[in-house]
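Taking it in order: structure first as structure tokens, then the write-up.
The values are calculated or read from the model by the stated rules, or taken from the named source; none is laboratory data. Everything numeric in this text was worked out from a predicted model, so none of it was measured. Virtual Cβ from ideal backbone geometry, glycine too; neighbours counted across all protein chains shown.
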Amino acid sequence: MKMTRFLATGLIIALSVACAAFGDAAPDPLNSGLTPSARTHRVWMAFEEVNMHLGEETVSVDATFRFSNLSEGKTTLEVGFPTDYNDDVEDLEVFVNGKTVTYREEKEKLYYPDLVGGDGITVNWALWDMAFPGKAETELRVSYKVKPRKNYDFFITPYRDFIEKIESGMLQEPPAGSTVDRLLAGMETFSTGYILVTGSGWYGSIGEAVINVYYQPKGPGVIRWFNPEEEYKFLPDRLQWKFYSLHPTFNIQLEFNPSFTVDEEIALVTEALRSDSNNQGLKDFLDYLRGLREKMR
């Protein structure tokens, strides 16, 4: 497990919640928005497990939460889940103790001091009333899909910034089908994430939170950037974060390239350097990929 700085720095353009695969259910969401803070209850999120399956067209998410009501008597709360923050959640299903729950939809207007323009942001919520028996556990499960953001030329990430550096270091345009041509053509990435801060409105800290990220065809080697770089490990089939006594003031963010694993891309760059050994962009890119591979060990 790597233990490094908690927040990533050096982003040319930061990934935002606008591309996130949404996140934790929130208590009383319309009263306090995406970062609930009012705790007039004693319902504790004892455990959550989130399984994200990456894809170019959709990211599928299945999240299970276990709540413990520390009060003697039953507590009933309106529970909500954001279903539109520039990207739409599709096929949302909600289950309480294994039984399907019918939810209703409402809109909320959020305003931020640094937001350009004064119209605010409209957030659509799926809402349902949820009863938590006193001194007992209750399980909530939500499943849904969301479209990841494709990173185009106008959206520059630390990974995609190497495209221009490699091209500027070339003496001539690479022939079609050459190693460099195949490398540059495959440097297309997608971004997504998971909003943890919506879970901040539950009583106390989150007891344990496990977030698993899978990419079925090639494994976690397709990931090119992730945040936070703390409490994570790369397993053979997934990237996993595991937090204890979590006070969620941050979100999960990541970028992935389905074209290559890190090892496959390192092999391509190494081959490209044999025919273009003076290309500083290729050299710097190789260093970046090797550093990423070290984080995956």
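Can you find even one residue in segment 109-118 that is surrounded by 12 or more Cβ atoms within 10 Å (Cβ to Cβ) and either modelled with pLDDT of 90 or more or among the hydrophobic types (A, V, I, L, M, F, W, C) (or both)? Yes. Hey, can you tell me all the residues within segment 48-85 that are under 22 Å from Thr189 (Cβ atoms), touching a strand residue (DSSP E or B) at 6+ places or on another chain (Cβ under 8 Å) and surrounded by fewer than 21 Cβ atoms within 10 Å (Cβ to Cβ)? Matches in segment 48-85: Asn51, His53, Glu56, Thr58, Ser60. Every condition in (1) modelled with pLDDT of 95 or more; (2) closer than 30 Å to Leu30 by Cβ; (3) crowded, with 18+ Cβ neighbours inside 10 Å is met by Phe162 except one, and the failing one is (2). How many residues are of a type in the set (A, V, I, L, M, F, W, C) and either in contact with a Ser or Thr (Cβ under 6 Å, 6 or more places away or on another chain) or assigned by TED's automatic domain parsing to the domain that holds Lys242 (or both) when one looks only at segment 269-291? Residues that pass the stated criteria total 1. What do you reckon, is Thr157 assigned to a loop (DSSP other than H, G, I, E, B), crowded, with 17+ Cβ neighbours inside 10 Å and touching a Leu at 6+ places or on another chain (Cβ under 9 Å)? So Thr157 passes the test. In the set (1) surrounded by fewer than 17 Cβ atoms within 10 Å (Cβ to Cβ); (2) without any contact (Cβ under 8 Å) to a residue 60 or more places away in the chain, Leu239 fails one condition alone, (1). Counting only residues that are under 25 Å from Met130 (Cα atoms), surrounded by 21 or more Cβ atoms within 10 Å (Cβ to Cβ) and touching an Asp or Glu at 6+ places or on another chain (Cβ under 6 Å), segment 205-236 holds 1 of them.
Only one residue in Lys135, Lys218, Lys109 is of a type outside the set (S, T, N, Q), assigned by TED's automatic domain parsing to the domain that holds Ser245, closer than 17 Å to Pro258 by Cβ and in contact (Cβ under 8 Å) with a residue 12 or more places away in the chain, so which one is that? Spell out how you get there, then give the answer.
Working: Lys135 fails: closer than 17 Å to Pro258 by Cβ; Lys109 fails: closer than 17 Å to Pro258 by Cβ.
Testing whether each residue is of a type outside the set (S, T, N, Q), assigned by TED's automatic domain parsing to the domain that holds Ser245, closer than 17 Å to Pro258 by Cβ and in contact (Cβ under 8 Å) with a residue 12 or more places away in the chain leaves just Lys218.
One line per residue, one yes/no per condition, for (1) in a strand (DSSP E or B); (2) within 15 Å of Gly201 (Cα to Cα):
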{"site": "His41", "(1), (2)": "no, yes"}
{"site": "Glu56", "(1), (2)": "no, no"}
{"site": "Asp62", "(1), (2)": "yes, no"}
{"site": "Leu77", "(1), (2)": "yes, yes"}
{"site": "Thr83", "(1), (2)": "yes, no"}
{"site": "Leu92", "(1), (2)": "yes, no"}
{"site": "Phe95", "(1), (2)": "yes, no"}
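Please determine, by comparing only the residues of segment 190-204 that are buried (at least 17 other Cβ atoms within 10 Å of the Cβ) and over 14 Å from the mean Cα position of the chain (by Cα), which one is nearest to Glu48 (Cα to Cα).
From segment 190-204, those buried (at least 17 other Cβ atoms within 10 Å of the Cβ) are 190-203; that's our starting set.
Adding the requirement that they be over 14 Å from the mean Cα position of the chain (by Cα) leaves 199-203.
On the way: Gly199: 10, Ser200: 13, Gly201: 14, Trp202: 12, Tyr203: 14 Å.
Taking the candidates together, the pick is Gly199.
Residue check: Thr102 meets all listed conditions (1) at pLDDT 95 or above; (2) surrounded by fewer than 12 Cβ atoms within 10 Å (Cβ to Cβ); (3) under 29 Å from Gly204 (Cβ atoms) but one, namely (3).
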